[in-house]
Amino acid sequence: MVLPITSKVNSKGHLEIGGCDAVELVKEHGTPLFVMDEETIRGQCRAYMGAFAGKTDDFEVIYASKAFISVAMCRLVQEEGLSLDVMSGGELYTAIKAGFPVAKAFFHGNNKTPAELNLALEHGVGRIVVDGFHELELLDKIAAEKGMSQDILLRITPGIKPQTHNFIQTGQLDSKFGFGLQDGLAMSAVKKALTLGNINLKGIHAHIGSQIFELGSFAKAIEIIMGFVRDIKEETGFVVGELNTGGGLGIKYKAVDEPSTIEEYASVIVDGVKEQAAHFGIPVPRIMVEPGRSIVANAGITLYTVGTIKDIPGIRTYVSVDGGMSDNLRPMLYGAVYEALLANRVDDEAHALVTVAGKHCESGDILVRDTMLPYPKAGDILCTPATGAYGYMMANNYNRQPRPPVVMVKAGSARVIVRGETLDDLVRLDTGLQ
Ligand code: LLP
């Protein structure tokens with residue numbers, strides 16, 4: 001199983017995380033429950049900072065908050081010295097409310113609204129990562145109205161298709177994101193940005209996709225981007241000072257997965273940029289990376305309570321839990337595969353082949369297909385590991401299911417960092433209440 005680094009089985013045979021017994025956590029907070037292990041998150045932040053510091057002096061690790069953001073998470077990221085990637089007014093607002101130094105925030109998105117850009121400029125966001133011509137002009141106008149000049153990066157699509165799910169490939173020419181290299185739009189965008197009076201072009205950004213195992217795609221992307229950086233210098237004289245290669249390092253969802261390590265990733269990125277800079281005879285830019293999933297995914301688990309068990313002889317045993325597609329959309333959306341264990345009797349022999357189903361009104365609401373567990377009973381606590389990234393963030397209220405709380409555990413104590421929704425929360429936006 002791929003559990004947070006502090007996980008162990010305690011003397012009662014219960015799963016323990018961050019010194020907290022999972023069964024006790026459930027008694028106090030109910031299920032479904034997201035549990036995040038602070039030590040694992042900090043460890044991943046430090047691994048990134050250390051790996052890049054070991055290779056270069058001029059770098060920035062930017063946590064991609066879409067993987068998991070809350071006020072507490074922003075504070076933790078700040079304490080660990082990382083910058084922050086936000087991709088909506090909502091994520092930016094969370095950072096502002098957390099007191100995160102917004103000058104260290106990078107604002108992404110393929111269709112930022114005027115209201116979002118205004119909010120960003122009013123709070124002094126560090127970089128806007130501009131995604132299209134419409135945005136270039138809009139941003140220049142908004143910055144002019146405010147009498148300021150905004151630092152930007154331009155997002156380009158280098159024409160790379162990494163091996164990952166189609167939905168999370170972003171670097172190919174046929175993408176809604178960024179300016180294409182092959183079709184010449186990226187160069188036009190650079191030239192345009194250099195003419196606008198209230199925009200200050202600092203560099204280039206490219207994110208080729210997510211959950212990537214083979215590092216060759218990053219190396220290839222860097223080769224292409226650095227060639228473009230050279231072309232920019234030759235055609236315009238502008239020297240790219242910042243190169244943000246996005247996020248995308250894959251993680252282990254299952255014990256058999258073999259992603260690359262953060263150290264290997266840092267080597268490919270930094271060595272790649274340095275080699276290509278030497279090859280093209282251009283200066284080495286400041287190197288920026290934007291990991292999301294690999295910071296938080298393995299820090300998180302979800303705990304559920306087992307309810308109905310439906311055994312269809314010779315066909316399948318459905319074990320239903322009290323959450324599902326409302327707290328983990330990834331199996332339905334990407335066919336993502338998770339593992340499961342019973343947190344209240346971890347050591348019992350797993351001799352039953354079962355399918356873990358969610359409680360929603362959709363046949364496709366299956367969390368884990370065909371997995372071995374100790375034969376489950378109603379009341380067992382089922383745990384799915386590796387749910388720390390893109391789980392809570394894609395949670396929803398389908399069937400008016402309240403979103404679960406998130407607790408952060410550390411050294412035997414658990415604090416609620418996002419409270420669970422109540423039934424009243426679910427109707428709070430409805431009009432006509434008595
Ligand atoms: N930077 C940009 C511009 C991005 O679009 C993303 C992810 C990242 C950084 C962070 O990538 P990471 O290190 O987390 O792979 N909901 C999907 C993932 C969508 C990723 C979107 N962009 C999932 O659950 O797999």
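The values are calculated or read from the model by the stated rules, or taken from the named source; none is laboratory data. These numbers come from a predicted model, not from an experiment. Counting neighbours? That spans all protein chains shown, and the Cβs are built from the backbone with ideal geometry, glycine included. Protein only, heavy atoms only, side chains kept; ligands, DNA and RNA dropped before computing areas. Shrake-Rupley method; radii C 1.70, N 1.55, O 1.52, S 1.80 Å.
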TODO: Report the residues of segment 29-52 in range of a label on Asn10: point 7 Å along Cα→C-beta, backbone N strictly under 20 Å from it.
DONE: 29-40
Task: Degrees, to the nearest 10: 185-195 long Cα axis against longest axis of the chain - done: 60
- [ ] Could you work out how far apart the two model spin labels at Phe133 and Asn399 are, taking each label as a point 7 Å from the Cα in the direction of the beta carbon, and quote it in nm?
- [x] 4.8
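Among the trypsin sites (Lys or Arg not before Pro) in segment 366-409, which ones are in a DSSP loop with at most 13 other Cβ atoms within 10 Å of the Cβ? Mind listing them?
Lys377
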Task: Accessible-area order (highest first, 1.4 angstrom probe) of the listed residues Ser413, Ser83 - done: Ser413, Ser83
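Would you mind calculating the relative contact order of segment 161-260 from Cα pairs under 8 angstrom and at least 6 residues apart, reporting the percent as a whole number? It would help to have the intermediate numbers written out before the result.
Values: 118 pairs, mean separation 30.7, N = 100.
Value for segment 161-260: 31 percent.
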Open item on the list: Can you tell me which of Ser294, Ser217, Ser363 moves the most in a GNM of the chain? Springs connect C-alpha atoms under 10 Å apart.
Closed with: Ser363
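Given a Förster radius of 60 Å and the C-beta distance between Ala378 and Thr195 as r, what FRET efficiency does 1/(1 + (r/R0)^6) yield to the nearest 0.05?
Values: r = 67 Å, r/R0 = 1.12.
E between Ala378 and Thr195, to the nearest 0.05, is 0.35.
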- [ ] Show the residues, 5+ positions off or on another chain, whose built amide H is closer than 5 Å to the amide H of Glu60.
- [x] Ile287, Met288, Val289
Open item on the list: What do you get for the angle between helix 216-236 and the principal long axis of the chain? Use alpha-carbon atoms, 0 to 90 degrees, nearest ten.
Closed with: 20
- [ ] State, as an integer percentage, the relative contact order of the chain based on alpha-carbon contacts under 8 Å between residues 6 or more apart.
- [x] 20
Open item on the list: Please report the net charge: other residues with Cβ closer than 14 Å to the Cβ of Pro405, K and R +1, D and E -1.
Closed with: -1
TODO: Would you mind telling me the antiparallel percentage of the DSSP bridges in segment 108-291, rounded to 5?
DONE: 5
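With r defined as the distance between the Cβ atoms of Thr308 and Thr261 and R0 fixed at 41 Å, what FRET efficiency is calculated, to the nearest 0.05?
Working: r = 41 Å, r/R0 = 1.01.
Between Thr308 and Thr261 the formula returns 0.50.
Using the per-residue mean of other Cβ atoms lying within 10 Å as a proxy for protection, in what order, highest first, do the peptides 353-360, 403-410 fall?
Details: 353-360: 20.1, 403-410: 22.6.
Descending packing order for the listed peptides: 403-410, 353-360.
In the chain, what % of DSSP beta bridges are antiparallel (nearest 5)? Let's see the in-between values first.
On the way: 31 of 67 bridges.
Of those bridges, close to 45 percent are antiparallel.
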Task: the chain: angle of helix 133-145 to the longest principal axis, Cα-based, in degrees nearest 10 - done: 80
TODO: Would you grab the residues whose amide H sits under 5 Å from the one on Thr157? Only those 5+ places off in sequence or on another chain, please, with H modelled 1.01 Å from N.
DONE: Phe179, Gly180, Leu181
Task: Partner lysines for Lys233 [C-alpha distance under 19 Å; skip if fewer than 8 residues away on the same chain] - done: Lys191, Lys192, Lys202, Lys274
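For segment 108-291, with every protein chain kept in place, what is the accessible area per residue (1.4 Å probe, Å²)? Let's see the in-between values first.
Values: 7240 Å² over 184 residues.
Roughly 39 Å² per residue, with all protein chains present.
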Open item on the list: Leaving out ligands, DNA and RNA, and with a 1.4 Å probe, what % of the accessible surface on segment 108-291 is carbon or sulfur?
Closed with: 50
Open item on the list: What does the charge count around Val2 come to, taking other residues whose C-beta lies under 13 Å from its C-beta (Lys +1, Arg +1, Asp -1, Glu -1)?
Closed with: -1
